[in-house]
Amino acid sequence: LRPRQVAMADPLGATLINGGSVNGGVLSDEEPWEEKYFASLEKRGEEDMHDVQVVVFFLFVALTMGTFTKTILQKYMPSVPYTCVLLFEGAVLGYVHEITGRRLGSLSESIRMWVAINPHVLLFSFLPPLLFGDSMGMNWHHIKKCFWQCLLLACPGVLLGTVLTAVTARCFFPSYGWDWPTAMTFGSILAATDPVAVVAILNELGASPKLTMLISGESLMNDGTAIVLFNLFKRFITVPPENPEHPLGATRSANPESDAWSIIGCFLRMAVCGVGLGIGMGFLALLWMSAVTHKSNHSDAIVQISITLCCAYLVFFIGEFLLGVSGVLATVAAAIVVGAFGWPLFASRETMDQVWHMIEHCGNTVIFIVTGLIMGAVVIDPKREGHLTFQDVWYLLVLYVMVTLIRFVMVFFFMPLLMRCGYGLSWRDAVVLSWGGLRGAVGLALALEIDIEMKHSVNGMRVLFHVGGIAVLTLLVNGITSGPLLRCLGMTKPSTTEEALLSDIEKRIQMHCEEALTAQVEQREAFTVSQQAEVRARCTVLQKARMLSEDDICNPESASDALKSWFRNANADDRLITVRKMFLQALRCAFLDQVEQGMLPNKGPHTVLLTESVDAAMDHVHHGLCTHKIVVNKLRLHRPWTNFVSKIFPVPVKNMLIRLGLLMSQRLACFMLLSFVHAHQEAKRLVVLNLGEAADADTPEQQQVVAEAEEEIAKAVIKLQQMDSSLVEEVIVQQVCGIVLEQECLFIEKLVAQGVLQDKQAHHLVQRVQHDMRGVSQEEWESTRRGSQQVELQTSTRSDASSPRSRWPQNT
């Protein structure tokens, strides 16, 4: 703080006093500013200091309301949108707060502060974790595949929606008298979508994950674009206190740079630089997380969660406040990087997911309740002069119809391009995409910013009322009817294959429960027949299990009759594609098991590249497995590295880095090919076990898929045979070391759970395991460095009889 410029804020930034004045007084150079500052705090008295504590009261009241609401809805009304109920509860609480004359004690005092909350505090507090949590859970392969579709909808699509919404506001709200900057700001707020409710319904009903990815990706990108447009158009309006009746309480600011080219340049700078900042911060977070990846050390999971949380807030703050770029796009980019390349590093994926779901739950709860609170306390309050009328309600209904039509126009306008990129887009997908354009937390936060900056003026309240009303209507109407719409379009009807597989799974569950009951009866000698009958009467699964045949019970691992019947009667191509999909799913599980077992190192791109190859193979399942071809293409990492190094560094450094990169790429290829062979063998065994009646494939489709898998294995083996045998042997030793050390950790945890080992003793043993793991990693690096030096020595020896030009051929 500078002596001439002391900024003093009351709780949550409700007011801000700048310019060196505190409570109306101006600081002089004669008195130290610290003494003046603390003297002003003493004058405010104990009552003002009590305000600081009261602020927290409403926060936990809101979280308690949200938790209670979620509990009731999950049990009795699962189809009702959770956030919509929160908005209604907040409005009721705000209305009661005003009707009672703000006589709810400490709760009213806390509500008063939250109603006057600084909109920037709201955005900086709750928006980063919401964006980071949603983005971190997205599939990297689907992101790359749908990127151009999402970009098309998020950039030109949002711009088109903003313009059409602004035209609607100018034409259908004549009594408001909004000018173009105001209307465009309003349109940019409504351009941000929040598909949380629709995505939840799509996942629940089993809709295509590609459509779900398109809706989620478009929402995250258009949030950033909408906020960039919002900040651009808001620059053209200011808030003069002497003119509160001006449309939106604002007039245009004199800005000589407000021309088309400056707007385009500012937009590109905020968007492109924001994404670059997010990518850089994301990789810095990954670098930090790679130092704390031990699953047996519980503190590592805490450190990793803290890193992701700090990354979410810091990248948003640095982008928005320090660099003046899009903090939203920076946060989304950082989260995608962490989610795409960081999941093998997570010490506990389950803990990471649960913590971020909890953070998202708290953020959504607070934002929707605060929005409802302000609507109830400020917008709906009839005692305020110029409160909303039935005309505004009519305008809201008209706006909802127009916003829905604009969404359909925007999607179908770009549909010819959407059909030709990514996974394509059918007319059914386009209808669901249009209908799923819900509004949520981001739009509400921007509307709150406008309303609070306008000091709850009449037109500022109108913006908040319309944005909040659109959020409620889209959640109630579009969100609830999304399920029936999907069923009407036939997008959730299970195929014959899925029905047969589900029947097979149900049979296996029934046999498993029947075996569990039999084991309990054998262990309990006094367990009578009447007690067994009572257990069967209370467990539905056991009632169905009694209808199983003796052959099923004797052979619990064989396929069910329904699945066998489907394989006999279904189309040959459908059967073949089904078996291939099951093989690829088993292959993905095998790769993940290798990470858990320690066979695949969690550091490095090994696991990400292998699992991504499975996703890519799923896209070409009609043409065969083709997993080896995809993996080989991903192994050519040294080529871009060689091109980059050749253009930047001088010849001696370039040669050393190229050799080092080539050897690291060979070690990576050896790791991946060995894991590739092992995972294909395991997936082949699982497919035969789950679909066949014997130890070998017994249908033409299974035999073909098994033959394709063996062909893929043979290709990988040939590649391994072409490598240096010492390198292959060394990698095998390292994989076995990883498996042994991981088993040691698991056994130590088991002994602790059984009470054999104390925590102090286990900690000493775990530290020894971690030391050995670090030694294995260090040995890998030392081996690569020695290989690089050996290649350099051999090259220098051969160079004595050759020209300098021939030392580094073009195909190095």
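What to note about this one:
- Highest mean first, the peptides 320-328, 463-471, 613-621 sorted by other C-beta atoms within 10 Å per residue fall in the order 463-471, 320-328, 613-621.
- Cα gyration tensor, segment 661-766 - rounded (a/c under 1.5), prolate or oblate: oblate
- Packing, taken as the mean count of other beta carbons within 10 Å per residue, orders the peptides 502-511, 748-757 from highest to lowest as 502-511, 748-757.
- Backbone HN-Hα couplings from phi across segment 65-82 [Karplus 6.51/-1.76/1.60, Hz, Gly and Pro as x]: 4, x, 5, 5, 4, 5, 5, 5, 5, 4, 7, 10, 9, x, 7, 7, x, 5
- Placed amide H near N602: partners under 5 Å, 5+ positions off or other chain: none
- Integer Hz, Karplus 6.51/-1.76/1.60 couplings in order for segment 135-144, x for Gly and Pro: 6, 5, x, 7, 6, 5, 5, 5, 4, 5
- Accessible area of L159 (1.4 Å probe, protein heavy atoms only, ligands and nucleic acids ignored): about 80 Å².
- For the peptides 366-374, 669-677, residues were scored by their other Cβ atoms within 10 Å and the scores averaged per peptide; the highest-first order is 366-374, 669-677.
- Each residue of segment 622-633 is assigned a 3J(HN,Hα), and the resulting list reads 6, 10, x, 6, 6, 6, 5, 4, 5, 5, 4, 4 Hz, derived from the Karplus form 6.51 cos²θ - 1.76 cosθ + 1.60 (θ = phi - 60°), x at Gly and Pro.
- Legend: residue pairs K144/K719; K684/K715; K144/K210; K75/K507; K210/K603; K210/K629, Cα-Cα distance threshold 18 Å; pairs beyond threshold, K144/K719; K75/K507; K210/K603; K210/K629.
The values are calculated or read from the model by the stated rules, or taken from the named source; none is laboratory data. Treat the numbers as computed from the prediction; the structure is a model and nothing was measured. Don't worry about glycine lacking a Cβ; one is built from the backbone with ideal geometry, like all the others, and counts go over all protein chains shown. Only protein heavy atoms, including side chains, enter the accessible area calculation; ligands, DNA and RNA are left aside. Shrake-Rupley method; radii C 1.70, N 1.55, O 1.52, S 1.80 Å.
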